[in-house]
Structures are given as C-alpha cells and as structure tokens.
2 protein chains.
Amino acid sequence: MKKNLLVAQSGGPTAVINASLSGVIKEALEREEIGEVYGAKYGVEGVFREDFINLRDTVLEKKRSIFPVESMDITNLSPLAEEICQEERDAEMTPDRMQSLAFFSRLATTPASALGSCRRKLQNPEEDPGDFDTIFHIFKKWNIGYFLYIGGNDSMDTAWKLSLYFQNKGEDIRVIGVPKTIDNDLYGIDHCPGYASSIKYISSCLLELEQECMAYDKNYVMIVEMMGRNAGWLTAAAALSEERGSIPYLIYVEENTFSKEKFLQDVNEMLEKHPQIMVAVSEGVKDEEGRFLYSYEKEEGEKDAFGHTIAGGTGAVLEGFLQEAADSEEGKYTVIKEKNIKTRAIEFNLLQRCASHCLSKTDVLEAFSLGKKAVELALSGESGKMVSLERINGMRGEYKVNFLSVPLSFVANKEKKLPKEWISENGHSLEGECLDYLRPLIRGECSAEYIDGLPAYIRLF
Amino acid sequence: MKKNLLVAQSGGPTAVINASLSGVIKEALEREEIGEVYGAKYGVEGVFREDFINLRDTVLEKKRSIFPVESMDITNLSPLAEEICQEERDAEMTPDRMQSLAFFSRLATTPASALGSCRRKLQNPEEDPGDFDTIFHIFKKWNIGYFLYIGGNDSMDTAWKLSLYFQNKGEDIRVIGVPKTIDNDLYGIDHCPGYASSIKYISSCLLELEQECMAYDKNYVMIVEMMGRNAGWLTAAAALSEERGSIPYLIYVEENTFSKEKFLQDVNEMLEKHPQIMVAVSEGVKDEEGRFLYSYEKEEGEKDAFGHTIAGGTGAVLEGFLQEAADSEEGKYTVIKEKNIKTRAIEFNLLQRCASHCLSKTDVLEAFSLGKKAVELALSGESGKMVSLERINGMRGEYKVNFLSVPLSFVANKEKKLPKEWISENGHSLEGECLDYLRPLIRGECSAEYIDGLPAYIRLF
C-alpha cells in the first residue's frame with residue numbers, strides 16, 4: 001500500500017514560503033509512489049489536532065474555481081509559470097497543464113503561510129516522549145510515510161527530533177526539512193529561501209527613501225530599522241543600497257557591540273562632508289552592557305501611555321540620541337548641533353517579510369525547486385535531512401546553485417551570524433565578500449500576479 | 001526673441017511627481033517656440049537663489065552618460081517608454097529617439113523630486129510685494145516667459161499669486177500649475193497625480209498584511225495607519241483591499257469624529273464573528289473634543305525617553321485602547337477580553353509616497369501627460385491655470401479622462417474631503433460610489449526600471 005505524504009509550515013512568514021509549498025505539492029501530486037497528499041493546518045499544531053486537508057482534492061477544487069480550463073489561454077503563460085515548467089519544456093502545453101501551472105505559480109507568489117503556521121517547539125523525546133508518541137499514532141492512523149516540514153531553526157529541530165524518534169523505533173517514516181527564514185541564520189545552506197526577497201525589498205525601499213531624503217535642501221539623518229533579533233543579515237541589505245545609491249550609510253549590526261558615543265561620533269563626522277545620511281540599524285543591537293537598545297525607553301521607566309512596549313523601537317532610540325546631542329549644552333558633537341538636522345526613524349515592520357509585490361525571482365524559483373527536491377529526497381529513502389543550496393563557481397563567477405541535502409543535526413538549534421570579516425574596522429560598514437554574496441540573490445523581478453490592479457493570492461482553506 | 005521656460009517642484013514627495021516633470025521637459029525641449037528650458041532647484045527657494053540648471057544641457061549629458069546611443073537596442077523598448085511615445089507611434093524608432101524615451105521613462109519612475117522641493121509659501125503681494133518683485137526681476141533677467149510649478153495646495157496658491165502679480169503688472173509671464181499630491185485633496189481635478197500610486201501601494205500592502213494576519217491560528221487585530229492630516233483619502237484604500245481580501249476591515253477617517261467607545265464596540269462586535277480584523281486609521285482622526293489621537297500620549301505627559309513626539313502614532317494609540325480594554329477589570333468589552341487577541345500597529349510612513357516599486361501605470365501616464373499639457377497650455381497663451389483631469393463616461397462605464405484646465409483660484413487654499421455620503425452609517429466602512437471612484441485609478445502595474453536587481457533612478461543635479 002502506498003504511503004501518504006504530509007506537509008506543514010512553521011515559524012514566521014516569508015514572502016516565498018508558499019513557493020516551497022507549491023513545489024512540494026506539485027511534485028508530490030505527480031509522483032505515483034505517493035498515496036494521498038495531506039497538508040496540516042498551522043504546523044505541528046494541526047498535526048496534534050489531526051487537522052489535515054487533502055491537497056489533491058483542494059488543488060483540484062481551487063484550480064476549477066479560480067482557473068476554469070475553458071478560460072485558459074495557452075498562449076498567455078505568466079513568466080513565472082514559464083520558468084516553473086522549464087524542466088517540462090518539451091511537454092505539450094494543454095489547457096490542463098496551463099491550469100496547473102497557473103495554480104502553482106499563483107500559490108508560489110502568495111506571501112506568508114497558505115497552510116497556516118505555528119511557533120510550537122517539541123521537547124526532547126528522552127525527556128518527554130508524550131508528544132512524539134501522539135504524533136506517531138496519528139501518522140500510523142493516517143498512513144503517513146513522508147513528513148515534510150517547511151520552517152526555520154526551531155522547525156528543523158522539530159524535524160530532526162521526529163526523524164530520530166522514528167529511526168529509534170525502526171519505523172520507516174521519513175522526515176525532511178525544507179528551509180525558510182528571512183533571518184538567513186541557518187547553517188548548512190548558502191542562503192535561506194525568503195532572505196533574498198526580503199533584502200531585495202529592503203534595499204529597493206532604501207533607495208526610494210534616499211530620494212525622499214534628498215528632496216529638500218536640508219540636513220537629514222534618516223534612520224531605518226530592520227528585523228533580526230540576533231544577526232545583521234537583513235540590515236546587510238543596506239550595503240547593496242549604498243553601492244547603488246547616492247547617500248552614504250552608517251550600518252550597525254548585532255555582530256558588533258553598539259556604542260552611543262561612537263554612533264554620535266560617526267554621524268558627526270559624516271555630517272561634516274554630507275548633508276544627508278542614511279543609518280541602517282538592526283533591531284537587536286546591544287550596548288556595551290549587553291542591553292538591547294530597544295529596551296532603553298522601558299528600562300528608563302518611560303513607557304508609552306498604556307504601559308506596553310512597542311515592538312522594535314531601536315531606530316527611535318537612535319533618533320533620540322541625535323536629538324539629545326543636538327539639544328545638549330555641551331559642545332561635543334558640534335556638527336550635529338550646528339547643522340540643524342532633520343531626523344526620522346522608519347521601521348520596515350512586517351512588510352519586510354511578506355512583500356509579494358517586490359520578490360526576487362531567484363528566491364522564488366529556488367524556494368520552489370527546494371520544495372520539489374524535498375519530495376524527491378524523501379522518496380529516495382532519506383530521512384533526517386534538510387534540502388539545501390550550495391553556491392558554485394566561486395563568489396565572483398556566474399551565480400549558480402547546486403541542490404543538495406544536509407543532515408538536520410547540522411542545522412538545528414544553531415544561528416549563523418554575519419561573518420566577522422565582513423564588518424569593516426570602522427564598525428559601520430560592510431566590506432569584503434559581503435557584496436559578492438548579496439548581489440546575485442536579488443536578481444530578477446517577480447511579483448504576485450496582479451488582477452485589476454491588486455495582487456491575487458491563493459488560500460488553501 | 002524666444003522666451004525661456006522655468007519649471008520647479010514643491011511640497012511633499014510623491015511617486016510620480018517626476019513623471020509630470022518628465023512630461024514638462026520632454027514637451028518643452030521639443031517646442032520651437034521656447035528658448036531655454038530651466039529647472040529651479042528646491043522649488044521657489046531655488047528661484048530666489050537663481051539656482052537654475054539648464055535642462056537641455058543636463059538632459060543631453062545624462063542621456064549620453066546613462067544611455068549611450070551605441071548601446072541602445074531599438075527592439076527592446078520598455079513598456080512604459082512604449083506608452084509614453086504612443087502619440088508618436090508612427091515616427092520611426094531610431095537609436096536617438098530610443099535614448100530619449102529611455103531617459104524620460106526612467107525619470108518618470110524616479111520617486112520624490114528630481115529637481116528638489118521646498119515648503120515655502122509666499123505672502124500676499126498686497127501685504128508684502130518684496131518676494132514678488134524679487135521673482136519678477138529674476139524672471140526678467142533670465143527672460144522667463146513661462147513658469148510651471150508642480151505641487152499641491154500651497155504651491156497652487158503660490159502659482160496663483162504669481163500669475164495675478166504678473167497680470168496686474170501687465171507682464172506676459174505665464175504661470176501654470178501642475179497638480180500633485182498623495183493627499184488627493186485638490187479641488188478642480190477628479191483625482192491628483194500621486195494619489196493613485198499611493199493607494200495602489202497601500203492596498204497591495206494591506207492584502208499582504210492580511211496574509212500575515214491569517215498565518216497563525218490566533219485572534220489578531222492589526223492596526224494600520226495611513227498618512228493624511230485632514231482627509232481620509234489614503235485610508236480609503238482599505239476599501240479596495242476589503243473588497244478583494246479575506247478579512248473584514250474597520251475604517252476610520254478624519255471626516256468622522258473618532259470615538260474610543262465606539263471603536264472598542266466595533267472591534268468587540270466584529271471579533272464575535274471573525275478571528276482576525278484589520279483596522280485602517282487615518283493619522284489625523286480627532287476625538288469628540290477635537291483632539292488629535294496622536295497627541296494623546298503627549299498630552300497625558302507620557303513622552304518617550306527623549307521628550308520628543310514620534311510622528312504619527314495614531315495606530316499605536318488605538319492599540320493602547322485595545323490593550324487597556326483587554327486588561328480592564330470591567331467586563332464591558334467581553335469578546336476583546338476573552339479572545340486573548342494579538343495586536344500590532346503598523347505605519348506605512350514615508351514609503352506610501354515614494355514606493356516606485358509599486359506604481360499605478362494609470363497614474364504615471366496621467367502625470368506624464370499633465371506635464372506635457374501644461375507646456376501646451378502656457379504656449380497657448382493661458383496663465384493662472386492648473387492642468388487638470390476630468391473623468392468621462394460616468395462612474396460605471398469604461399474609465400477615461402479628459403485633460404483640461406481650471407483657474408488656479410478654484411484650487412488654491414482649499415482642501416477637498418472624502419464625500420460624506422461615502423461613509424456608511426456604521427461609521428467604519430465606505431460605500432456608495434467610493435469603490436467605483438477608486439478602482440480604475442490603481443489599474444496597470446508599472447515599477448521603476450530594475451537593473452541588476454535594484455531600481456535605477458535619475459537625479460538632475
């Protein structure tokens with residue numbers, strides 16, 4: 001009897017997590033070795049609740065209702081759909097195939113999690129096998145032979161523990177991790193799907209904000225805050241903008257200790273030569289005493305009117321430092337004082353992880369392919385692995401990736417930081433191989449499909 | 001002797017203000033009646049400083065350096081360039097024309113002000129003719145016969161006063177206003193260039209944020225704040241998203257008094273039926289006593305750590321109301337209390353007026369055409385007019401606009417509000433002709449030209 005496949009999504013949204021899902025579903029539905037293809041709603045939460053949807057039925061139903069075969073114009077395939085079916089180029093294009101490609105490419109450019117996500121991390125099975133036993137019984141009941149989990153560090157940990165548990169039990173239930181995270185902090189992969197679209201969005205927006213900054217004949221320090229609690233990967237996008245833009249940047253990442261004194265000196269020095277400056281800061285930078293900057297307002301007893309902390313806020317704290325220096329009686333930061341600077345703190349907030357109107361095509365296609373590869377890997381008999389990307393041809397040559405797999409144990413519970421050697425000695429710029437690493441990732445434009453002026457998405461339930 | 005033309009930009013940035021500038025320059029350089037074509041840097045500020053650039057020279061130099069003729073591929077015209085040259089369709093495409101179109105279409109999709117902007121409003125000439133006399137002498141010195149001012153309400157006021165001054169002096173110096181403002185609050189025009197791209201950006205982002213909202217199996221109230229100090233035009237974009245999205249919206253605009261009680265009741269009621277809600281609020285809503293909501297934190301003596309007010313903040317105040325209701329001992333808003341809601345306040349900040357990666361093609365083309373029309377209008381002998389758009393074929397038919405002109409006196413110093421009849425009786429949704437008005441404006445996708453993964457812009461100095 002054929003085994004069934006179960007796929008689920010976990011962790012924070014990205015703009016291309018559904019591209020991987022799309023690849024998984026498309027491949028799984030095409031493989032005869034697989035019985036039913038199920039999706040768990042809201043990650044492992046849905047597994048515990050046995051809240052599964054039959055994806056064969058769902059896809060069929062959605063395809064019919066959203067893309068009626070009779071209205072398919074086989075001469076008008078979207079660019080993304082064309083790339084998605086590149087491997088099948090020689091096959092004849094029929095309305096049926098067209099419908100299928102239209103569906104999978106629209107799902108691929110739907111941001112966040114079409115199956116729903118969760119943030120539940122499982123305990124160690126040695127300490128508490130309860131959850132694992134429950135999952136095992138559910139998998140048996142539903143005849144699951146392949147479990148594909150799309151997620152970040154914590155999800156790779158869950159996948160790893162599950163694979164070990166099944167292995168120790170001598171059960172052939174194969175568990176494969178599919179990486180995603182805008183944070184780009186996974187080991188065992190050149191870059192994480194989701195990251196490239198986020199930095200394309202961020203660096204595009206920074207170039208737009210530069211134009212804002214230069215619009216008036218004024219001295220302006222614009223402070224932009226990026227996500228990333230523990231690593232400066234997203235903030236590194238500012239290096240791409242600086243290379244292509246017109247205004248100098250001060251870039252502060254978590255990998256360096258943040259010093260208020262040094263920040264004010266940096267701004268002061270740069271303002272001597274430039275009327276406008278962009279400051280790019282990671283939300284999670286810490287000072288010499290290890291305190292998060294965003295906790296300053298709170299720790300100093302100054303809460304907002306309702307006593308709650310506002311998410312982020314690091315940029316606003318930096319803006320405060322500048323105002324303080326500008327207003328201070330002391331003459332230390334003379335340029336800041338004299339230049340009568342305008343300041344503004346901007347947060348990219350949630351949009352930096354779901355901006356389907358500004359996707360990296362490289363990212364979408366890689367995420368899609370990783371989904372397909374995960375199904376292949378499971379069918380080839382592997383378990384406890386994560387599908388991965390390896391960059392080939394060196395950093396300076398043409399950009400190409402190999403698809404491969406790495407043991408989940410290499411990946412789980414670790415956080416990859418920005419390489420120290422990328423951070424300049426001055427502490428506020430990025431250098432070395434940083435730009436060579438970033439540049440190819442943002443290549444290729446791709447956005448969600450727009451219908452009558454707005455993006456169209458697919459929800460699976 | 002031929003008279004010269006001077007163009008300047010004023011007021012806040014939009015994503016398409018340079019599309020109008022592009023239309024002005026292209027038309028002006030092609031008209032033999034015009035001598036030199038000058039651009040003033042930073043609006044009237046640049047006029048007072050005689051800080052002019054010769055646009056014929058600048059355009060020539062930029063064209064040569066950015067788009068070398070020898071590298072122009074005449075078979076590969078960008079879609080925008082193709083539309084820009086629609087009127088000249090029959091002309092033969094040569095590398096020279098191609099270079100020119102490449103330049104003007106790239107300038108058209110550069111956000112903010114390529115000539116620089118200012119916020120200076122002139123006094124009444126009767127009270128203080130000094131500024132006007134100065135401008136007059138400068139215009140004489142530079143042989144300016146045509147002055148085109150691209151801007152919003154205040155800039156139309158400046159243009160109007162200037163045109164009256166010249167008229168009273170019996171001088172044939174023609175002043176034409178070219179409208180722009182994301183605020184859409186100008187009278188005498190169906191909609192303002194810049195507005196359409198802003199609402200396309202906002203409503204696209206709202207649909208993306210909906211996907212974020214639905215990613216977890218949680219009760220979620222997401223609060224999004226839009227610009228607009230005095231009118232709810234930008235917030236109206238939420239009606240477009242609601243029509244196409246999956247989550248219900250509560251929409252609060254300046255045209256209605258904001259009541260905290262009613263807001264909490266609205267949320268409470270809606271949460272009974274829906275796990276997730278989007279709240280769209282204009283930054284400038286006021287309470288029953290006429291107080292801006294964003295001033296609450298300040299007025300209650302709770303400043304941030306540095307004693308300065310953060311721009312916007314209306315969304316954060318609404319978030320505070322919800323937290324207060326959720327934590328309160330009183331059992332008034334039972335659903336808010338029981339449902340353990342997650343809340344998040346998001347600001348679109350400056351990106352809503354400069355998002356060149358998500359432009360409305362309708363907007364770009366209209367803005368470009370208005371620039372051209374302004375030159376034609378000045379040459380036809382008119383002064384004291386603003387070029388304008390009139391929607392024809394009724395609200396429900398095919399969308400088409402007429403280009404026309406209106407007296408600047410109709411436009412200056414007034415603010416057009418959202419029609420009262422568009423606001424539903426429930427006070428939190430938009431109805432009637434609102435959607436018919438908005439829908440056509442966001443049609444057509446167009447973004448800045450991307451090169452190697454990032455947008456490419458043109459600065460004129």
For the range A:226-267 the number of residues that are touching a residue at least 40 places away in the same chain (Cβ under 8 Å), in a loop (DSSP other than H, G, I, E, B) and surrounded by 23 or more Cβ atoms within 10 Å (Cβ to Cβ) is 8
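Take the range A:311-351 and flag every residue that is of a type in the set (V, I, T) and at the interface with chain B (Cβ under 8 Å from one of its Cβ atoms).
A:V317, A:I346
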Could you tell me which of the residues A:S380, A:S360 is surrounded by fewer than 24 Cβ atoms within 10 Å (Cβ to Cβ) and either within 8 Å of chain B (Cβ to nearest Cβ) or hydroxyl-bearing (S, T, Y) (or both)?
-> A:S380
Here the residues within the range B:38-64 that are assigned to a loop (DSSP other than H, G, I, E, B) and over 25 Å from the mean Cα position of the chain (by Cα) are B:R49, B:E50, B:D51
Which of the residues spanning the range A:25-48 are aliphatic (A, V, I, L, M) and open to solvent by 20 Å² or more (accessible area, probe 1.4 Å)?
-> A:L29
Tell me, yes or no, whether the range B:392-410 has at least one residue that is small (G, A, S), open to solvent by less than 30 Å² (accessible area, probe 1.4 Å) and either in contact (Cβ under 8 Å) with a residue 60 or more places away in the chain or under 29 Å from A:H357 (Cα atoms) (or both).
-> no
Scan the range A:327-346 for residues that are surrounded by fewer than 16 Cβ atoms within 10 Å (Cβ to Cβ) and either among the β-branched types (V, I, T) or in a helix (DSSP H, G or I) (or both) and report the count.
-> 3
For the range B:120-136, indicate whether the set of residues that are open to solvent by less than 50 Å² (accessible area, probe 1.4 Å), away from every other protein chain (no Cβ under 14 Å) and closer than 24 Å to B:C446 by Cβ is non-empty.
-> no
Can we say B:K2 is among the basic types (K, R), in contact with a strand residue (DSSP E or B) (Cβ under 7 Å, 6 or more places away or on another chain) and either under 16 Å from B:A159 (Cα atoms) or open to solvent by 10 Å² or more (accessible area, probe 1.4 Å) (or both)?
-> yes
Find the residue count for the range A:440-461, including only residues that are on the phi < 0 side of the Ramachandran plot and at the interface with chain B (Cβ under 7 Å from one of its Cβ atoms).
-> 8
Within the range B:200-223, identify whether any single residue is assigned by TED's automatic domain parsing to the domain that holds B:K41 and surrounded by fewer than 20 Cβ atoms within 10 Å (Cβ to Cβ), and answer yes or no.
-> no
State the number of residues belonging to the range B:174-209 that are among the hydroxyl-bearing types (S, T, Y) and either over 15 Å from B:A237 (Cβ atoms) or in a loop (DSSP other than H, G, I, E, B) (or both).
-> 2
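Restricting the search to the range B:169-215, which residues are free of Cβ contacts under 8 Å to residues at least 24 places away in the same chain and either within 14 Å of chain A (Cβ to nearest Cβ) or touching a Lys or Arg at 6+ places or on another chain (Cβ under 9 Å) (or both)?
Initially, the range B:169-215 is screened for residues free of Cβ contacts under 8 Å to residues at least 24 places away in the same chain, giving B:170, B:208, B:211-212, B:215.
Residues satisfying the conditions are B:E208, B:Q211, B:E212, B:A215.
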State whether one or more residues within the range B:152-166 are in a loop (DSSP other than H, G, I, E, B) and either within 30 Å of B:N76 (Cα to Cα) or open to solvent by 30 Å² or more (accessible area, probe 1.4 Å) (or both).
-> no
Which is buried (at least 24 other Cβ atoms within 10 Å of the Cβ) and assigned by TED's automatic domain parsing to the domain that holds B:S105, of B:S388, B:S369?
-> B:S388
With the condition kept exactly as written, say whether any residue in the range A:452-459 is part of a loop (DSSP other than H, G, I, E, B), in contact with a helix residue (DSSP H, G or I) (Cβ under 9 Å, 6 or more places away or on another chain), among the hydroxyl-bearing types (S, T, Y) and crowded, with 22+ Cβ neighbours inside 10 Å.
-> yes
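The values are calculated or read from the model by the stated rules, or taken from the named source; none is laboratory data. Keep in mind it's a predicted model, so treat the numbers as computed, not measured. Neighbour counts are summed over all protein chains in view; Cβ atoms, including those assigned to glycine, are modelled from backbone coordinates with ideal geometry. Note: accessible area is taken over every heavy atom of the protein model, side chains too, but ligands, DNA and RNA are not part of it. Shrake-Rupley method; radii C 1.70, N 1.55, O 1.52, S 1.80 Å.
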